[in-house]
Amino acid sequence: MQTTKNQTLKIHNSLSGKKEIFKPINEGHIGMYVCGPTVYSNVHLGNCRTFMSFDMIFRYFKLLGYKVRYVRNITDAGHLVDDADDGEDKIAKKARLEQLEPMEVVQRYTVDFHNILEKFNFLPPSIEPTATGHIIEQIEIIKDILEKGFAYEVNGSVYFDVNIFNKSHEYGKLSGRKLEDMISNTRELAAQSEKRSPQDFALWKKAEPEHIMRWPSPWGDGFPGWHLECTAMSTKYLGETFDIHGGGMDLKFPHHECEIAQAEACNGHSPVNYWLHANMLTLNGKKMAKSTGNSILPNEIFTGENPFLSKAFSPSVVRFFMMQAHYTSILDISNDALLASEKGYNKLMEAIDNLEKIPTKNTSSFDFKAWQQQCYDAMNDDFNSPILIAKLFEAVKQINLIREEKESITEEDKSILTETLHSFVFDVLGLENRNNTNDGSKKLEGVVELLIELRKEARENKDFATSDKIRNQLAEMGIELKDGKDGTTFNI
RNA sequence: GGCAUUGUGGCCGAGUGGCUAGGCAGAGCUCUGCAAAAGCUUGUACAGCGGUUCGAAUCCGCUCGAUGCCUCCA
């Protein structure tokens, strides 16, 4: 990929609100941190979209030849149910409700998370650290922030003092908020708050005696605040300043704003060069969230067991559906949209299957080198996967025309086409070909091919009763025969 | 109320100050014993009102609507 490697890649940076030319801190290397899930319930499809967007970005960086250290954490402690003083840890609450040891909750939903991601053909991140595995690092950061005067201790809890911080730094620069506005717009909190200001956020929370998740600290037994874990883990594995921080749009405020504040309080400079935010997946025009019940679980899509769905859809179809929208756009999921994506996806895979068979000539009637460049251009423009897919369908059209000998392709162009198509479809978009065969289905294929052969003979003898019987009975079993120009193909 | 994002044809969804997005559906055609599938061709659009401009759906302003955040959320 010598011709493509040195091109400029533009990324929409949420911090500036603009597309910027991407320049890694260390040439050829990228450090990327993405906020992972809080493992207190099954991962829903909206979560998956965010992680899939960053999976695609990770994959594209790899195609460009970058060495990427991709850190995606697991939040297994510290995520408060609310910000009031009786804020309870999400994991601990779930454990109490289900009468489980907190780590049983964590284990159960971490396993679920990994299972789903594997079905969606995610690449594993380079490091997947957990909050509970980094309590010591978090305590060290709190000590540092306290020493520098940006936090205060009250009754075994430690809070970040946003007002003091804002005197020397700019709190709210990521989300476009001004502290003064926030103060005047804050809703009334419980009167007995121990925080000096409602905008302050917890770095360490004291654990009441009934709390099960607790760790010793200089301020007594307690647990870390949610925002702190990401600062601790990103700093540990990627350094005080790293290239890319990603997450869902909904984390912009307060989570990412607080991360910036914590890191700047410690190190005096901004922790991240490029902030990327993936937009929401909506269902019925509303945000998908476990807390409101407006959600579809991935497994419900794979089985079709959801009132919104008329049938089951494969993980690759769902992936293709999501990749047809830009990661910064809101995407609304519906049965119709999935059906349309399924057809498009099948068409794309069909063309890739036919690619090997297309004949080559002395000349090409289409500029495949320019087309290849356009694929890279699409991705170089803030990872524009919808444009990339439009380009892929241009190739599909060419493949079909070449098959009908209305267009031609040289041997050299054919290998460019094959390589590019495989790189983008499988390596970058992460799609899988639907005809993934195992031993059992190989045998089945053999049987179907035999029946197709028998049916062909029957048709040649004008014995249409027999040929239709074979076709109809196979159809009943869900095997679809398609009579094409050069023989019959089938779908199971 | 504040901040942010956004409003594109029947549906999903890109993009751009003047030149085709793409997919699905629809229509026409080809192939075919029939059917299905597949392939080719193809119409319809940029929320409303003002402004800037030779020219705007694309820039600016206002209005209306949608979504997110402002207490947890990818």
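The values are calculated or read from the model by the stated rules, or taken from the named source; none is laboratory data. Just so we're clear, the structure is a prediction, and the values are computed from it rather than from any experiment. In this analysis, Cβ positions are derived from the backbone assuming ideal geometry, glycine residues included, and neighbour counts consider all displayed protein chains.
What to note about this one:
Okay, residues lined up against (1) in a loop (DSSP other than H, G, I, E, B); (2) touching a Ser or Thr at 6+ places or on another chain (Cβ under 8 Å):
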| site | (1), (2) |
| --- | --- |
| A:P198 | yes, yes |
| A:E210 | yes, no |
| A:G220 | yes, no |
| A:H227 | no, no |
| A:M233 | no, no |
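- Search result, residues across the range A:399-416 that are crowded, with 19+ Cβ neighbours inside 10 Å and more than 18 Å from A:K343 (Cα to Cα): A:I402, A:I409, A:D413, A:K414
- Boolean, A:T303 is of a type in the set (V, I, T), over 30 Å from A:E412 (Cβ atoms) and either assigned by TED's automatic domain parsing to the domain that holds A:M56 or without any contact (Cβ under 8 Å) to a residue 12 or more places away in the chain (or both): yes
- Flag for A:K343 being near RNA strand B (Cβ under 9 Å from one of its atoms), out of contact with any strand residue (DSSP E or B) (no Cβ under 6 Å at 6 or more places or on another chain) and more than 24 Å from A:N491 (Cα to Cα): no
- A:E445 being more than 16 Å from RNA strand B (Cβ to nearest atom) and under 21 Å from the mean Cα position of the chain (by Cα): no
- Residue within the range A:266-276 that is surrounded by 19 or more Cβ atoms within 10 Å (Cβ to Cβ), more than 14 Å from RNA strand B (Cβ to nearest atom) and assigned to a helix (DSSP H, G or I) present: yes
- Only one entry in A:V162, A:V158 is within 16 Å of RNA strand B (Cβ to nearest atom), under 20 Å from A:Q199 (Cβ atoms) and buried (at least 17 other Cβ atoms within 10 Å of the Cβ), namely A:V162.
- Qualifying residue in the range A:146-157 (condition: modelled with pLDDT of 90 or more and assigned to a helix (DSSP H, G or I)): yes
- Residue within the range A:91-108 that is within 27 Å of A:E257 (Cβ to Cβ), buried (at least 17 other Cβ atoms within 10 Å of the Cβ) and either of a type in the set (S, T, Y) or touching a strand residue (DSSP E or B) at 6+ places or on another chain (Cβ under 6 Å) (or both) present: no
- Of the candidates A:Q262, A:Q199, the single residue that is more than 24 Å from A:P102 (Cβ to Cβ) and modelled with pLDDT of 90 or more is A:Q262.
- Pair list, Cβ under 6 Å, 6 or more apart: the range A:451-466 residue in contact (Cβ under 8 Å) with a residue 24 or more places away in the chain and more than 9 Å from RNA strand B (Cβ to nearest atom), other residue of a type in the set (S, T, N, Q) and not in a loop (DSSP other than H, G, I, E, B): A:I452/A:T488
- One residue from A:S329, A:S316 being in contact with an Asp or Glu (Cβ under 7 Å, 6 or more places away or on another chain) and either closer than 14 Å to A:T282 by Cα or more than 9 Å from RNA strand B (Cβ to nearest atom) (or both): A:S316
- Contact map, the range A:249-277: residues that are touching a residue at least 24 places away in the same chain (Cβ under 8 Å) paired with residues that are near RNA strand B (Cβ under 9 Å from one of its atoms) and charged (D, E, K, R), Cβ distance under 7 Å, separation 6+ or inter-chain. Pairs shown: A:F253/A:R177; A:H277/A:K252.
- Of all the residues in the range A:109-140, those that are among the hydrophobic types (A, V, I, L, M, F, W, C), in a helix (DSSP H, G or I) and in contact with a strand residue (DSSP E or B) (Cβ under 8 Å, 6 or more places away or on another chain) number 3.
- Test set (1) within 13 Å of RNA strand B (Cβ to nearest atom); (2) not in a helix (DSSP H, G or I) - A:S408 fails condition number: (1)
- Filter result for A:S310 (part of a loop (DSSP other than H, G, I, E, B), over 18 Å from A:L174 (Cβ atoms) and not hydrophobic (A, V, I, L, M, F, W, C)): yes
Residue-wise test of (1) near RNA strand B (Cβ under 9 Å from one of its atoms); (2) in a helix (DSSP H, G or I); (3) not assigned by TED's automatic domain parsing to the domain that holds A:K94.
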| position | (1), (2), (3) |
| --- | --- |
| A:P24 | no, no, no |
| A:I30 | no, no, no |
| A:G36 | yes, no, no |
| A:G46 | yes, yes, no |
| A:R49 | yes, yes, no |
| A:D55 | no, yes, no |
| A:R59 | no, yes, no |
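- Within the range A:357-403, the set of residues being assigned to a loop (DSSP other than H, G, I, E, B) and either without any contact (Cβ under 8 Å) to a residue 12 or more places away in the chain or near RNA strand B (Cβ under 8 Å from one of its atoms) (or both) comprises A:D367, A:D382, A:N384.
- Scanning the range A:297-306 for residues that are within 15 Å of RNA strand B (Cβ to nearest atom) and in a loop (DSSP other than H, G, I, E, B) turns up at least one hit.
- Filtered residue count, the range A:244-265, keeping only those that are under 15 Å from the mean Cα position of the chain (by Cα) and within 12 Å of RNA strand B (Cβ to nearest atom): 7
- The lone criterion from (1) buried (at least 16 other Cβ atoms within 10 Å of the Cβ); (2) farther than 29 Å from A:K311 by Cα; (3) aliphatic (A, V, I, L, M); (4) modelled with pLDDT of 90 or more left unmet by A:I389 is number (2).
- A:R69 being touching a Leu at 6+ places or on another chain (Cβ under 7 Å), within 16 Å of RNA strand B (Cβ to nearest atom) and more than 30 Å from A:R196 (Cα to Cα): no
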